[in-house]
Amino acid sequence: MAALAEQEAQLISERTRAALAARKARGLTLGRPENLTPEARALGPQVQREAARVATQQAAAFAAVLRERGDTLQAIATRLNHTGFRTRHGSLWSPTQVKRILDRIR
């Protein structure tokens, strides 16, 4: 099964490269040149941080209330998971992630 999956990954890679080469041969641009300017590259990390802050804003507020109440990081992570909160990428919360969002809002 692993060999078959590896072969399929190789075929997908080859098809992707061929499609990109064909697009380039037709004179079309690849990527977004406006994202390659020095200003856009410097702004990228700020945009990512802001998106993370917005995505976790409600979970962070809930976690802060629980922490003020004296709950441990593990207890907060468990409560967030049981309440239906998910991380920005849709994963379950861990104590480390809870600590990071609490540190971020301080």
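The values are calculated or read from the model by the stated rules, or taken from the named source; none is laboratory data. In this text, all values refer to a predicted model and were calculated from it rather than measured experimentally. Every residue, glycine as well, gets a Cβ built from its backbone with ideal geometry; the counts of neighbours run over all protein chains shown. Please note that ligands, DNA and RNA were not included when accessible areas were found on the heavy atoms of the full protein model with its side chains. Shrake-Rupley method; radii C 1.70, N 1.55, O 1.52, S 1.80 Å.
Each Lys and Arg Cβ is given +1 and each Asp and Glu Cβ -1; about its Cα centre, the chain then shows a dipole of about 220 debye. Taking the chain as a Gaussian network, where each spring joins two C-alpha atoms under 10 Å apart, which residue of Thr37, Thr29, Thr96 fluctuates the most? It is Thr29. Solvent-accessible surface of the chain, taken per residue with a 1.4 Å probe and all protein chains present: 77 Å².
Give me the extension gain from Thr72 to Glu50: residue separation times 0.36 nm, minus the current Cα-Cα distance, reported in nm with one decimal.
Details: separation 22, 0.36 × 22 = 7.92 nm, distance 2.64 nm.
Result for the pair: 5.3 nm of gain on full extension.
Could you tell me which of rounded, prolate or oblate describes segment 1-60, using a ≥ b ≥ c as the square roots of the eigenvalues of the alpha-carbon gyration tensor, with rounded for a/c under 1.5 and, failing that, prolate when a/b is larger than b/c and oblate otherwise? Write out the running numbers ahead of the final one.
Working: a/c = 4.21, a/b = 1.41, b/c = 2.99.
Oblate.
Counting only alpha carbon atoms, the long axis of helix 73-83 and the longest principal axis of the chain meet at about 70°.
What is the Cα radius of gyration of the chain over 2.2 N^0.38 Å, N being its residue count?
Working: Rg = 21.3 Å, N = 106, 2.2 N^0.38 = 12.9 Å.
With N residues counted in the chain, Rg over 2.2 N^0.38 Å equals 1.64.
The 3J(HN,Hα) values that the Karplus relation (6.51, -1.76, 1.60; θ = phi - 60°) gives for segment 45-54 are, in residue order, x, 5, 5, 5, 5, 5, 4, 5, 4, 5 Hz. Gly and Pro appear as x. Between 0 and 90 degrees, the angle of helix 57-68 with respect to the longest Cα principal axis of the chain falls at about 30 degrees.
Given the convex hull over the Cα atoms of segment 45-106, what projected area results after averaging over all orientations, in nm²? Present the calculation step by step, with values, prior to reporting the outcome.
On the way: hull surface 15.6 nm².
Its average projected convex-hull area is 3.9 nm².
Backbone phi angles across segment 88-100, fed through the Karplus curve with coefficients 6.51, -1.76 and 1.60 (θ = phi - 60°), yield HN-Hα couplings of 4, 9, x, 8, 6, 7, 10, x, 5, 5, 4, 4, 5 Hz in residue order; Gly and Pro are listed as x.
Largest to smallest in accessible area, the residues Ser13, Ser91 fall in the order Ser91, Ser13 (1.4 Å probe, all protein chains included). Would you tally the net charge around Ala9, using a Cβ to Cβ cut-off of less than 14 Å, leaving Ala9 out, and scoring K and R as +1, D and E as -1? Taking every Cβ under 14 Å from that of Ala9, the sum is -1.
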